[in-house]
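What follows is a single structure, written as structure tokens, with notes after it.
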Amino acid sequence: MKTTKKENIRLEITYGGYYNRSIRLTEETQIQDLEYLKNEIKDHMPDTLDMEIVWDVEHTCSFCGYGWEEEEGGSPLCCNEAIEEWKKQNENNK
Ligand SMILES: [Zn+2]
């Protein structure tokens, strides 16, 4: 018999420009909106609880759009434009 139980039960708040998804909000605006929501929620929370605004970070190349990867020395791997830019910056740092 297949048995099913709920695991990892948690409160999760998701947000993504909920009032108009066609408007693309800047990172700054999204964080400001979340700070506002956080303060609104905090007013109704016991002091023993806390919340944190968190995000994942994605690194991409501005030239080719691929995910940013570096070899051991720090040089990017995705495309010549990125490699050339890195070489120029490294020369200037010497
Ligand atoms: Zn690239």
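The values are calculated or read from the model by the stated rules, or taken from the named source; none is laboratory data. This is a predicted model, so every value here is computed, not measured. Every residue, glycine as well, gets a Cβ built from its backbone with ideal geometry; the counts of neighbours run over all protein chains shown.
Here is how the numbers come out for the structure above:
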item	result
Residue match in region 56-72 (condition: modelled with pLDDT under 85 and either away from the ligand (no atom under 16 Å from the Cβ) or outside any loop (DSSP other than H, G, I, E, B) (or both))	no
Yes/no for Leu37 being surrounded by 10 or more Cβ atoms within 10 Å (Cβ to Cβ) and touching a residue at least 24 places away in the same chain (Cβ under 8 Å)	yes
